[in-house]
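For reference, the structure discussed in these notes is given below.
A short reminder: the numbers here are calculations on the coordinates, not readings from a lab. Remember, it's a predicted structure, so these values are computed and weren't measured experimentally. Cβ atoms come from the backbone with ideal geometry, glycine included; neighbour counts cover every protein chain shown.
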Amino acid sequence: MLRISNVAFAYGDHPILHDVSFAVPRGRIVGLLGPNGSGKTTLLRIIAGTLPPDRGHVEIDGVPVTSLSRRAIARRIAVVPQETHSTFDFTVEDIVLMGRYPHLGAFELEGPDDRAIARDVLQATGTLALAPRRFATLSGGEKQRVVIAGALAQASDALLLDEPTASLDLGAQLDIAALLTRLHRDRGTTMVVCTHDLNFAASLCSELVLIRQGRILAQGATADVLTPANVSALYDVQADVVFHPGAKHLTVVPIARA
Amino acid sequence: MTISAFGALLAAVCLLAPLVGSTHISLARAFSRSVPFADNVDAQIFFIARLPRVIGAALVGAGLAAAGVVFQALLRNPLAAPETLGVSIGASVGAVVAITLLPAFSIGGISAVPVASFTGSLGALAIVYGLSAARRRGMSSTVLLLGGVVLTSFLGAILTLIQYLSDFTQTFRTVRWLMGSLDVGSYPPIVAALVPLAIAGVGYAMLPRALDLMSLGPDAAAARGVDVVRAERVALVSASLSTGAAVSLAGPIGFIGIVVPHLVRLMVGADHRLVLPASALFGAAFLIGCDLIARTAFAPLELPVGIVTAMIGGPFFLWLLFRRTR
């Protein structure tokens, strides 16, 4: 269980977040939606403990994140960024094994257990065949699946995903949505997903938190929150929200700038 | 396995390099216990005349190569080198000040030049560290690179100014020092250089996995549990100490810090737990080899080793770049 309580943050005198509170119960997928500059990424960094909030706090299973070491946080929460670039020529297996970092001592090498975990998460993300490949040679969608595998190797309980599909083509976006849905179903992984893609969020998330200008506009079950009125309030866009029988989830059809 | 192969290469080079020179000596006689050392000319040439130079080359090569690896990972830039952040030219300014102002000064068998040179490198490090510490969360590698470039050209101007104001003899000594030379004729300078190198070595031992993760970016590293600010400090201080120690021992010797890490990555992959120790060992062996060429190619004339490393390193590096862009 992740609990975000009264979090506020400003870069210098430029306020980003005001009094943000919500909870992510274990095993849920919560989507964070909001326009550019609404504070979603900042909020994700605060939840991940890489940015201390000015006020308020984040708790993991009742423990304040700020009381934990970087390694202890990393064992509980992993982050999947929009894109990952490596300066050097690591293999896919290298990238996944790096997820074991917070579980190893300062001078400890990965053992058979770590390799078994790496194998398991490669399998779970459908990337086992890519293991010996060089990470830099993969497609965007393959890279993202490998990064998700590394995140699972690090902390199988909770993933924070920051625009995980923003730089992917349509097919790869659907692959990632299917992968995350499957991981949630098979492993009960808790996820917080920042995204601009309302249809991706509708297909994946059971709950949504809508953020505008650093404040929560609405939160609750996807079916209750994803309404034309909220889409309009969030993006100043007139939209239809319809249940698509083929996709079996709500879909948002933008119509015009409101 | 891989590391022991690099270790064996270095051991072989260390043992064989002192045998080569103007006077032929035999390894068996040099290590023979039957002749007292005072009468054993081979042993004297091996241990007194040639071995300090070989050890000096090993320390300088290892220090520069390891610093190159760390700067490349820290700045997430494969073109970074020990010279990039201005530590090397800081050492040069120190040396040139000593050559110009304190030509006859020495402490415990060590002349003022290496001491001033090392002090200069620490001064440059302090400025760079100040730049990085000015940032609240970790450092932007762009800011650090920019600071290093500006510091390098600023210190370069100071270097030129001192040379312009000094007399002919001092200028000649300065130019020779700036060419880089491993003319280490005794053990005290080596022992002195071992102190900062040992401190750097402790830092290097803590770093490899953090460097792997930091090459994915500071946020990605932090999310995986790396204390990024601390790792960056350890990296910056260790790499600067080993660069400073190397430059004060032998002058600024280029290309080792950039060519050796890239060559080693081609051989062992990207994992810094292999790249860092393998680069230190290979850098040591590579510089001993270059120094051997410098001593023998135009014997009895001795080339500055910096010319040899640049002659080998320059074309190699261009080849590497062509290969990357193809």
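Quick notes on this one:
- Remark: spin-label model distance B:LEU102-A:ARG55 equals 5.7 nm, labels positioned 7 Å along the Cα→Cβ axis.
- Relative contact order [Cα under 8 Å, 6+ residues apart], the range B:192-324, whole percent: 25
- Each other residue within a Cβ distance under 12 Å of B:VAL184 adds +1 if Lys or Arg and -1 if Asp or Glu, for a net charge of 0.
- With contacts taken as Cα pairs under 8 Å and at least 6 residues apart, chain A reaches a relative contact order of 24 percent.
- Hydrodynamic radius by Kirkwood, which averages 1/r over all alpha carbon pairs of the protein assembly as shown, in angstrom: 26.7
- Taking chymotrypsin sites (Phe, Trp or Tyr not before Pro) across the range B:171-243, none is in a DSSP loop with at most 11 further Cβ atoms lying within 10 angstrom of its Cβ.
- Net charge, A:ARG115 excluded, C-beta distance under 11 Å - Lys, Arg +1, Asp, Glu -1: -3
- Going from the residue with the fewest nearby Cβ atoms within 10 Å to the one with the most, A:LEU170, B:LEU27, A:LEU32, B:LEU197 rank A:LEU170, B:LEU27, B:LEU197, A:LEU32.
- Chain A: most fluctuating residue of A:GLU108, A:GLU83, A:GLU163 per GNM, C-alpha cutoff 10 Å: A:GLU108
- Whole-angstrom Cα spans of chain B along principal axes, big to small: 64, 53, 40
- The range A:2-257 - convex hull of the alpha-carbon atoms, volume per residue in Å³: 139
- Backbone N within the range A:61-93 under 18 Å of label point (7 Å from A:ALA136 Cα along the Cβ vector): A:83-93
- Computed FRET value (nearest 0.05) for A:SER206 with A:ASP13, which takes r as the C-beta separation and R₀ as 35 Å: 0.40
- Cβ-defined net charge surrounding A:LEU179, 14 Å radius [Lys, Arg +1; Asp, Glu -1]: +2
- Full-stretch length increase - B:ALA28, B:THR142 - with 0.36 nm per residue and alpha-carbon distance subtracted: 35.6 nm
- Within the range B:197-235: backbone nitrogen closer than 16 Å to the A:ALA72 label point (7 Å, Cα to C-beta): B:225-227
- Sparsely packed trypsin sites (Lys or Arg not before Pro) within the range A:24-68, loop by DSSP, other Cβ within 10 Å at most 13: A:ARG26
- Value of relative contact order over the range A:113-238, rounded to a whole percent, pairs C-alpha under 8 Å and six or more apart: 17
- Sites A:ARG257 and A:GLU83 - FRET efficiency at Förster radius 35 Å, r taken between beta-carbons, to 0.05: 0.75
- Most fluctuating residue given options A:PHE107, A:PHE243, A:PHE200, as computed from a GNM of chain A linking Cα atoms under 10 Å: A:PHE107
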